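J.: First the structure, which I've put down as structure tokens, then a few questions once you've had a look.
The values are calculated or read from the model by the stated rules, or taken from the named source; none is laboratory data. Given the structure is predicted, the values throughout are model-derived calculations rather than measurements. Cβ: placed from backbone, ideal geometry, glycine included. Neighbour counts: every protein chain shown.
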Amino acid sequence: MQKASLYIYFLAASVGCISILYFLSLVAQLPFIASVVMILLAEFGLVKWFYRIKTAQAEKANTLQYGILIFGLILLISNIAETAQKHGAWDAWAIWNLHAKYLADAAHWKNMFLNTVSAHADYPLALPSTLAFLNNIFPNALLTNYSFHILILLSIPVIIYLQTCQRSLLLSGIAFLLLCKDDFFATIGNYQMADTLLAFFLLLAIIAIDHVEEDKKYIILSTAMIGCCIWAKNEGAVLAILYTAFYYKELLSKGTYKYSLIGIAIPLIAYGIFKLGFAPGNDIVNTQGADTLNKLTDWQRYKTIYNYWNDNIHAHYYTITCTIMLCVLLGLIKSKIPDKKIMFILSVCIAYSMVYLISPHDLDWHLKTSLYRLIHQLMPSAIYISVIYLAGSNPINFRARFATNQQRPL
């Protein structure tokens, strides 16, 4: 991994650190100054730990690489400015920013759990806890919240570019510029919701797992980012389960499981304290019963879910979906088994669809208001995976392998 990428990892680790320690300080009823001291000490420890991570010796960037990076950031900043919303989307000011306001008040923060109508007090606290801490330091909440979301949004295409440009500047540059000029990507990032933060954590987890051979500390980074996914949104638990299932060899072997536990332990503990000690039950989980089987056998629900996936993909994610399908096809031609990372993304899509299938809410309303955000969570990782896969593919070898397969006797 390039050293420059670790600065972005430090940003993500800092978000996890701030949000967890501030929440635990509220639970322990510590004064705000105590949480500041704890967080500063933890940040100092993170700096020393990151300094010891092994990084690859990257080739010196040329003018073209810098030019693509600067031009792409200008495009994205322009899109952010054009699609900006003062207080974000409805979910931002009615849920995420509202939760941050509760958490910023140490004396009355538990009142957040009394608001049970459309406020989703069961949502994890990575985003609102971070914003609450920052708002106590910088009183201008509007500027602080907006700046935080812009920083996360900018970091996503930058780390994709940093981690792929040495593999193939052509593919990396195309992917980077397409993402930066994507109005829909900027629009959802401007919504000030936790979906972009979750997308950020998931992307970093997938990138880190690609570098475990360089240093086992990347296992800690990967599982810590997956832990932050759990701490960011409820669907992060689904991501963590599937991620562990697909990468169990890398994460749970005899020589690596300790590193995995170190990475995920603190986010998982904070999540457990929140869920078991404070959060109300989840609306989807609590309403399952005899009607669940009827929903699972209602083929009209499957058709409705498929139609919404199809409509969203064609409207906003057509290019990346075609690229993923190309990677699947190349994988089948090359080794008859699609790439593991691609299968992970597709499995998450299936898991999300199953949640919709058993949803207690009006299915059309649920799909209309959330599916585009769930796809947004996966899009950065899908782009990174596609570029890495295609950059490592040799079309000549594919043609030779395909020709060999054609000549084999039946």
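J.: Which one is nearest to residue 341 (Cα to Cα) among residues in the stretch 227-257 that are charged (D, E, K, R) and surrounded by fewer than 16 Cβ atoms within 10 Å (Cβ to Cβ)?
T.: 249
J.: Also: Give me the residue from the stretch 138-166 that is in contact (Cβ under 8 Å) with a residue 40 or more places away in the chain and not in a helix (DSSP H, G or I) and, out of that set, farthest from the chain's Cα centre (by Cα).
T.: Top of the filtered list is 166.
J.: Of the residues that sit in the stretch 249-260 and are touching a residue at least 12 places away in the same chain (Cβ under 8 Å) and in a helix (DSSP H, G or I), which one is nearest to residue 125 (Cα to Cα)?
T.: The extreme case among them is 260.
J.: Would you pick out the residues in the stretch 167-179 that are touching a residue at least 40 places away in the same chain (Cβ under 8 Å), of a type in the set (A, V, I, L, M, F, W, C) and either farther than 19 Å from residue 321 by Cβ or outside any helix (DSSP H, G or I) (or both)?
T.: The answer is 169, and nothing else.
J.: Another question, if that's okay. State the number of residues belonging to the stretch 202-215 that are in a helix (DSSP H, G or I) and in contact with a Lys or Arg (Cβ under 7 Å, 6 or more places away or on another chain).
T.: 1
J.: Any residue in the stretch 54-61 that is acidic (Asp, Glu) and assigned to a helix (DSSP H, G or I)?
T.: no
J.: Still on this structure, please answer the following. Which of the following residues is more than 21 Å from residue 78 (Cα to Cα) and surrounded by 19 or more Cβ atoms within 10 Å (Cβ to Cβ): 140, 135, 190?
T.: The unique qualifying residue is 135.
J.: Continuing with the same structure: If you go through the stretch 258-280, how many residues are farther than 22 Å from residue 12 by Cα and surrounded by 11 or more Cβ atoms within 10 Å (Cβ to Cβ)?
T.: The number of residues fulfilling the criteria is 4.
A quick yes/no check of all residues on (1) at negative phi; (2) in a helix (DSSP H, G or I):
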| position | (1), (2) |
| --- | --- |
| 81 | yes, yes |
| 85 | yes, no |
| 96 | yes, yes |
| 99 | yes, yes |
| 120 | no, no |
| 124 | yes, no |
| 127 | yes, yes |
| 136 | yes, yes |
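J.: Could you say which residue among 46, 69, 41, 73 is in the same structural domain as residue 23 (by TED's automatic domain parsing), assigned to a helix (DSSP H, G or I) and buried (at least 18 other Cβ atoms within 10 Å of the Cβ)?
T.: Answer to the check: 69.
J.: Quick check: anything in the stretch 202-213 farther than 16 Å from residue 5 by Cα and crowded, with 22+ Cβ neighbours inside 10 Å?
T.: No: the stretch 202-213 contains no residue that is farther than 16 Å from residue 5 by Cα and crowded, with 22+ Cβ neighbours inside 10 Å.
J.: Select the helices (runs of 4 or more DSSP H) contained entirely in the stretch 282-352, then report the ones holding at least 1 residues which are charged (D, E, K, R) and over 26 Å from residue 240 (Cα atoms).
T.: Filter on the stretch 282-352 gives 291-296, 299-316, 318-335.
J.: Limited to the stretch 211-243, what total is found for residues that are within 27 Å of residue 353 (Cβ to Cβ) and touching a residue at least 60 places away in the same chain (Cβ under 8 Å)?
T.: 14
J.: Which residues, taken from the stretch 216-247, are under 19 Å from residue 5 (Cβ atoms) and part of a helix (DSSP H, G or I)?
T.: 217, 218, 219, 220, 221, 222, 223, 224, 225, 226, 228, 229
J.: When the stretch 244-280 is examined, which residues are found to be within 30 Å of residue 115 (Cα to Cα) and among the aromatic types (Phe, Trp, Tyr)?
T.: Correct list: 271, 274, 278.
J.: Just the residues that are loosely packed, with under 14 Cβ neighbours inside 10 Å, part of a loop (DSSP other than H, G, I, E, B) and in contact with a Phe, Trp or Tyr (Cβ under 8 Å, 6 or more places away or on another chain), please, taken from the stretch 101-115.
T.: Scanning the stretch 101-115 gives a single hit, 108.
J.: Given the structure, is residue 268 assigned by TED's automatic domain parsing to the domain that holds residue 46 and free of Cβ contacts under 8 Å to residues at least 12 places away in the same chain?
T.: No; evaluated as a whole, the condition is false for this residue.
J.: May I pose another question? Can you tell me how many residues in the stretch 1-25 are aliphatic (A, V, I, L, M) and crowded, with 20+ Cβ neighbours inside 10 Å?
T.: The total comes to 8.
J.: Another question about this same structure. Enumerate the pairs (first residue in the stretch 88-111 and not assigned by TED's automatic domain parsing to the domain that holds residue 153; second residue anywhere and buried (at least 20 other Cβ atoms within 10 Å of the Cβ) and in a helix (DSSP H, G or I)) with beta-carbon separation below 8 Å, excluding pairs fewer than 6 apart on the same chain, so at least 6 apart or on different chains.
T.: Close Cβ pairs satisfying both conditions: none exist.
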